[in-house]
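Notes follow the structure.
The values are calculated or read from the model by the stated rules, or taken from the named source; none is laboratory data. What you see is a predicted model; the values in this text were computed from it and never measured. With ideal geometry, Cβ positions are generated from the backbone for all residues, glycine too; neighbour counts draw on all protein chains shown. SASA here: full protein model, heavy atoms, side chains in, ligands and nucleic acids out. Shrake-Rupley method; radii C 1.70, N 1.55, O 1.52, S 1.80 Å.
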Amino acid sequence: MLYIVSTPIGNLKDISLRAIEILNSVELIAAEDTRRTNVLLMHHDITNRLISFNDHNKEKTTPRLIQLLKQNKDIALVSDAGTPGISDPGFYLVREAVKENIQISPIPGPTAMISALICSGLPTDKFTFYGFLPKSTKKKIDIFNSLKTKKETAIFYESPYRIIKTIDVMNEIFPEKNIVLARELTKKFEEFMYGTVNELYKKLKDKTIKGEIVLILQ
Ligand code: SAM
């Protein structure tokens, strides 16, 4: 069995009893960031074998993992934080496992986009998750133009280094749309900023923003 195990997005206590059980019992844990996963394992007194599975080695590592799975060994996949497969290399391994008819099972838990959405106060009945916004301003403009008249809630991941520029671009296209900036969820400096794009732009344009960010727009 390949277990897709969700892990905390900040607060190390945000892990299910079943996730702890599975992480203890599998043959090995494939982790996107072995150092970060080690901190989690130590916190919960889990001792198990870790191997690295990330964007740089996924093509090379996947055949080895598939081989072990075919020998009826159980493997847990964890990402550096949150739910594997959501804007991280998890999808690659899952797709290969599906092709090989390997059983796959989810161990659900935190994911940054859903944590942000449920506190946004913006409609949750219908939403689109765009993953990471592209770095290029031109590509951002194309995405934002396509959203100009849409009422559906849109969710993005964005780097703190590009966030002010991104809100600046949004402000040029739809200053009156509602936006929520969710930062450092479940961590010490967790913060939600609510308002219109223009209000947020005015508030942040001369500031530096740190930490991990989810943007929600409607
Ligand atoms: N698999 C993860 C999940 O389930 O959300 C996402 C991985 S993606 C590589 C990392 C991005 O998720 C960050 O750059 C940020 O946009 C968002 N993120 C992760 N943790 C977060 C947190 N605690 N607060 C806000 N955003 C977070």
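Brief remarks on what is shown
- Residue match in the stretch 103-113 (condition: within 16 Å of the ligand (Cβ to nearest atom), modelled with pLDDT of 95 or more and assigned to a helix (DSSP H, G or I)): yes
- Residues that are touching a residue at least 60 places away in the same chain (Cβ under 8 Å) and of a type in the set (Asp, Glu) do not occur anywhere in the stretch 75-82.
- The stretch 148-165 residues that are at pLDDT below 95, paired with ones that are of a type in the set (S, T, N, Q) (beta carbon under 8 Å, 6 or more apart): Lys151/Gln218; Glu152/Thr128; Glu152/Gln218
- Residue in the stretch 129-147 that is touching a residue at least 60 places away in the same chain (Cβ under 8 Å), polar (S, T, N, Q) and either surrounded by fewer than 17 Cβ atoms within 10 Å (Cβ to Cβ) or under 14 Å from Leu217 (Cα atoms) (or both) present: no
- Matching entry among Pro123, Pro110, Pro106 (being closer than 23 Å to Val214 by Cβ and touching a Lys or Arg at 6+ places or on another chain (Cβ under 9 Å)): Pro123
- Test: residue in the stretch 171-191 that is touching a residue at least 24 places away in the same chain (Cβ under 8 Å), among the hydroxyl-bearing types (Ser, Thr, Tyr) and touching a strand residue (DSSP E or B) at 6+ places or on another chain (Cβ under 8 Å): no
- Pro89 being touching a residue at least 24 places away in the same chain (Cβ under 8 Å) and either within 17 Å of the chain's Cα centre (by Cα) or assigned by TED's automatic domain parsing to the domain that holds Val26 (or both): yes
- Scan the stretch 152-172 for residues that are over 23 Å from the mean Cα position of the chain (by Cα) and open to solvent by 30 Å² or more (accessible area, probe 1.4 Å) and the total you get is 2.
- Checked against (1) more than 20 Å from the chain's Cα centre (by Cα); (2) surrounded by fewer than 19 Cβ atoms within 10 Å (Cβ to Cβ), Glu190 meets all criteria but (1).
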